[in-house]
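Written out below as C-alpha cells is the structure these notes cover.
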Amino acid sequence: MDVAHVNPFIDSFMNVMPQLGFAEVRKGGLSVKGQELVCSGVIILVGIVGTLKGNVVYRIDTESAKKIASTMMMGMAVEQLDEMARSALSELSNMLTATAATGFANNGIAIDISTPTLLSGENISVKMSSKQVLSLEVLANDIPVEVLISFEK
C-alpha cells in the first residue's frame, strides 16, 4: 500500500468540508490496519475501479454522524439518522471520493467510483480488498472521521 495514495483523500477533506460549513479541518493520525475490520456507527463504503482497484470506507460514530449531517443541513437539528441525514452522509462520501478521484487523475491515475453504500449499527464486520488498510483520521470542527483506504496490488 502506497502512503502517497492518502494525499488525494486529505486534499479532498481540506477542499470539500469548508464548503459545507466546517470552519476547521485537520489531519489526525495515520496507521495501518488489517483486512478484517469490525466497525460500529455509520460505515459508508465506496468502490474504486480503474488504474487502482479497491475500496474506501468512511467510519463515523453515530453522534458524530448526526453532527456532520446537521452542519451539512445548515444547522438543522438531527436527532436520529433518518432518511435525510443518511442521504446527506452518503452525498458527503460521494463528494469526498469524487474529489479524491480528481486528485488521482491530476497525478495520471484514472479511477472511477461506485455509488456509496451506507450501513449503520454495532459490530459490523467489513473485509477490505487488500491485506493492509491505511487508516486516516480527519477532524472537521473536531468531529472525527476515519477514512479506511484499501487498494489491491
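The values are calculated or read from the model by the stated rules, or taken from the named source; none is laboratory data. Note that the structure is a prediction, hence the values are computed from the model and not measured. Glycine gets a Cβ as well: all are built from the backbone with ideal geometry, and neighbour counts include every protein chain shown. These accessible areas exclude ligands, DNA and RNA; they are computed on the full protein's heavy atoms, side chains included. Shrake-Rupley method; radii C 1.70, N 1.55, O 1.52, S 1.80 Å.
For region 73-94, name all the residues that are over 15 Å from the mean Cα position of the chain (by Cα) and open to solvent by less than 50 Å² (accessible area, probe 1.4 Å).
If the condition is that a residue be over 15 Å from the mean Cα position of the chain (by Cα) and open to solvent by less than 50 Å² (accessible area, probe 1.4 Å), then Met73, Val78, Leu81, Ala85 are the ones that fit.
Give all pairs with beta carbons closer than 7 Å in which a residue from region 79-96 that is more than 12 Å from Thr115 (Cβ to Cβ) meets a residue that is open to solvent by 10 Å² or more (accessible area, probe 1.4 Å) and not in a helix (DSSP H, G or I); count only pairs at least 6 apart in sequence or on separate chains.
If the second residue must be open to solvent by 10 Å² or more (accessible area, probe 1.4 Å) and not in a helix (DSSP H, G or I), the pairs left are Leu81/Ser120; Ala85/Val78; Arg86/Leu118; Ala88/Met73; Leu89/Leu118.
I'm trying to understand the selection: among the residues of region 100-113, which are within 14 Å of the chain's Cα centre (by Cα) and either over 16 Å from Val147 (Cα atoms) or open to solvent by 50 Å² or more (accessible area, probe 1.4 Å) (or both)?
Within region 100-113, just Ile113 meets the criteria.
Quick check on my filter: what residues within region 114-129 are open to solvent by less than 40 Å² (accessible area, probe 1.4 Å) and farther than 27 Å from Pro8 by Cβ?
Passing the criteria: only Gly121.
Only residues in region 28-41 that are farther than 15 Å from Leu139 by Cα and touching a residue at least 12 places away in the same chain (Cβ under 8 Å) count as the first member; pair them with residues that are open to solvent by 40 Å² or more (accessible area, probe 1.4 Å) and among the β-branched types (Val, Ile, Thr), Cβ under 9 angstrom, at least 6 apart or cross-chain, and list the lot.
Ser40/Thr62; Gly41/Thr62
So which residues in region 111-153 are in a loop (DSSP other than H, G, I, E, B) and either of a type in the set (A, V, I, L, M, F, W, C) or at pLDDT 95 or above (or both)?
Ser114, Thr115, Pro116, Asn141, Asp142
So for region 22-37 (the condition being open to solvent by less than 70 Å² (accessible area, probe 1.4 Å), among the hydroxyl-bearing types (Ser, Thr, Tyr) and either closer than 14 Å to Ser93 by Cβ or out of contact with any Ser or Thr (no Cβ under 9 Å at 6 or more places or on another chain) (or both)), does at least one residue qualify?
Within region 22-37, none of the residues are open to solvent by less than 70 Å² (accessible area, probe 1.4 Å), among the hydroxyl-bearing types (Ser, Thr, Tyr) and either closer than 14 Å to Ser93 by Cβ or out of contact with any Ser or Thr (no Cβ under 9 Å at 6 or more places or on another chain) (or both).
Taking region 44-60 only, how many residues are surrounded by fewer than 21 Cβ atoms within 10 Å (Cβ to Cβ), under 14 Å from the mean Cα position of the chain (by Cα) and among the aliphatic types (A, V, I, L, M)? Step through it out loud before you land on a result.
To start, the set of residues in region 44-60 that are surrounded by fewer than 21 Cβ atoms within 10 Å (Cβ to Cβ) comprises 45, 47, 49-54.
With under 14 Å from the mean Cα position of the chain (by Cα) added as a condition, the list becomes 45, 47, 54.
Remaining after also requiring among the aliphatic types (A, V, I, L, M): 45.
Counting residues in region 44-60 that are surrounded by fewer than 21 Cβ atoms within 10 Å (Cβ to Cβ), under 14 Å from the mean Cα position of the chain (by Cα) and among the aliphatic types (A, V, I, L, M) gives 1.
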